[in-house]
1. For region 299-326, what are the residues that are among the β-branched types (Val, Ile, Thr) and either buried (at least 24 other Cβ atoms within 10 Å of the Cβ) or touching a Lys or Arg at 6+ places or on another chain (Cβ under 6 Å) (or both)?
2. Do we find a residue being acidic (Asp, Glu), in contact (Cβ under 8 Å) with a residue 60 or more places away in the chain and over 16 Å from residue 137 (Cα atoms) anywhere in region 285-295?
3. Within region 386-401, identify whether any single residue is among the aromatic types (Phe, Trp, Tyr), over 23 Å from residue 107 (Cβ atoms), out of contact with any strand residue (DSSP E or B) (no Cβ under 7 Å at 6 or more places or on another chain) and crowded, with 24+ Cβ neighbours inside 10 Å, and answer yes or no.
4. May I ask you to say which residue of 193, 173 is out of contact with any Gly (no Cβ under 9 Å at 6 or more places or on another chain) and at pLDDT 90 or above?
5. Restricting to region 34-57, name every residue that is polar (S, T, N, Q) and buried (at least 23 other Cβ atoms within 10 Å of the Cβ).
6. Give the residue, chosen from 205, 213, 182, that is surrounded by fewer than 21 Cβ atoms within 10 Å (Cβ to Cβ), at pLDDT 85 or above and either farther than 17 Å from residue 244 by Cβ or of a type in the set (A, V, I, L, M, F, W, C) (or both).
7. Pull out all pairs, ordered by first then second residue, where Cβ-Cβ is under 6 Å, the residues are six or more apart or on different chains, the first lies in region 139-158 and is basic (Lys, Arg), and the second is crowded, with 23+ Cβ neighbours inside 10 Å.
8. So in region 79-127, with the set limited to residues that are of a type in the set (Lys, Arg) and touching a Pro at 6+ places or on another chain (Cβ under 7 Å), which one is modelled with the lowest pLDDT?
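The values are calculated or read from the model by the stated rules, or taken from the named source; none is laboratory data. For clarity, every value in this text was computed on a predicted model and none was experimentally measured. Don't worry about glycine lacking a Cβ; one is built from the backbone with ideal geometry, like all the others, and counts go over all protein chains shown.
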Amino acid sequence: MHAANSGTGWALAIVGLSVVLVAAFSRRLSGTPLTPAIVVVALGLLAGPLVLDKLTAAPTSSLVRTLAEATLAVVLFSDASRIDLHALRRDAAIPARLLGIGLPLTIAGGALAAAALFPSLSLSEVAMLGVILAPTDAGLGSAVVTDERLPQRVRQSLNVESGLNDGLCVPLLLLAIATAAGPAESAHPAQLLAEEVGYGALAGGAVGLLTGGVVVAAERLKLIDTPWLQLVPIAAAASSFGVALALGGSGFIAAFVAGLVYGLTTRGEKAEEMRFTEEAGLLLDAVTFLVFGAVLLSPALEEISWRFALYAVLSLTVVRMVPVALAMLRSGARWQTVSFIGWFGPRGLASIVFAVIVEDADPAHAPTILTAAYLTVGLSVLVHGLSAAPLVDRYSSWYARHGRVRAKMESESSPEHRPRRSWLARYGQASAERPR
């Protein structure tokens with residue numbers, strides 16, 4: 001009993017002190033190559049079994065999965081609720097290209113690379129790996145979507161892509177898992193997908209409409225106080241997730257749809273309502289990356305080989321950048337812009353959570369899928385974090401010299417599709433104001 005309490009105590013202490021440490025230096029880290037995500041993952045590796053062995057848990061433990069699922073549910077709800085669909089409809093060309101052309105091609109490219117490097121994987125398993133590593137995480141390079149020196153259309157397009165692609169990938173992941181399980185172990189894949197998506201969307205739409213309507217009515221009647229208003233989005237995300245699970249649907253699809261409906265319903269009301277949700281998401285995100293470093297990345301590093309290393313490099317370069325280049329054909333974008341958008345597709349939270357879900361499903365070659373996924377995310381945290389500030393400086397300098405005059409796509413004005421508020425907006429401001 002004492003040993004168990006000691007282990008839990010050290011784990012809690014490490015998590016708390018790590019968050020305090022990153023928070024204490026967060027202003028200094030803003031706009032530098034050393035991002036908070038890099039620091040948090042490094043602290044996780046230090047605390048994990050590779051070094052101190054003080055933060056340990058089974059990758060399939062309920063604690064790891066619950067933390068990952070809660071974090072993604074909150075982030076999905078927050079991301080979706082901040083999408084201004086009216087503004088997006090007026091200027092959807094670039095996000096539509098990235099999501100409608102670039103995302104499917106990225107999944108296909110990731111699956112083809114996996115089939116070439118890991119021939120033991122089945123068709124369903126290479127599809128899983130392609131889907132796991134398709135979503136992007138704007139938070140890993142927040143300077144890219146918050147620095148106002150960059151063209152607004154570029155920032156908004158990357159921002160919207162990151163906000164929507166994880167939600168769009170959920171049903172594809174569920175389909176790949178169901179197909180890998182086979183008819184003997186589950187319902188027909190098409191039936192399972194229909195249930196997961198249908199019940200998830202139904203639960204999310206109902207909860208989003210209900211909670212959004214309550215907020216609008218309570219605001220207009222002056223019944224709700226601001227501190228309680230800030231709790232509503234978290235409660236709505238949890239409720240939609242729970243209702244979907246009770247019905248047999250996907251909690252992630254429910255959280256995503258609930259966020260969209262909630263955002264549409266409450267548009268024009270007080271912005272303060274999302275502040276606590278965003279900052280709670282930031283805390284959960286930091287803890288998830290800490291656990292990722294200690295529990296998930298540490299074992300993957302012990303299994304690294306040239307095949308896994310090559311796959312990670314291909315996933316972050318060719319598999320991402322070629323589909324973006326194809327999606328941006330005839331868009332009017334200069335090659336500098338296409339390269340910039342193609343490079344900044346960091347893999348982060350959604351990929352971690354998708355991998356944890358796959359690990360729980362336990363396909364035949366789960367160790368290969370998970371090692372490839374975790375090593376790719378770890379490499380992305382490092383290289384995208386280190387390159388964000390320098391490449392933002394380089395690209396913004398090019399844009400200041402040439403973009404406004406000679407590049408039509410980059411210089412056109414664009415409405416704000418997905419406002420970056422709270423801590424993320426302050427991060428971008430600090431980055432932009434940092435002396436160069």
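1. Those that are among the β-branched types (Val, Ile, Thr) and either buried (at least 24 other Cβ atoms within 10 Å of the Cβ) or touching a Lys or Arg at 6+ places or on another chain (Cβ under 6 Å) (or both): 319, 324.
2. No, the conditions are met nowhere in region 285-295.
3. For region 386-401, residues among the aromatic types (Phe, Trp, Tyr), over 23 Å from residue 107 (Cβ atoms), out of contact with any strand residue (DSSP E or B) (no Cβ under 7 Å at 6 or more places or on another chain) and crowded, with 24+ Cβ neighbours inside 10 Å: present.
4. 173
5. 35
6. 213
7. So the pair list comes out as 155/145.
8. Filtering region 79-127 for residues that are of a type in the set (Lys, Arg) and touching a Pro at 6+ places or on another chain (Cβ under 7 Å), the one modelled with the lowest pLDDT comes out as 90.
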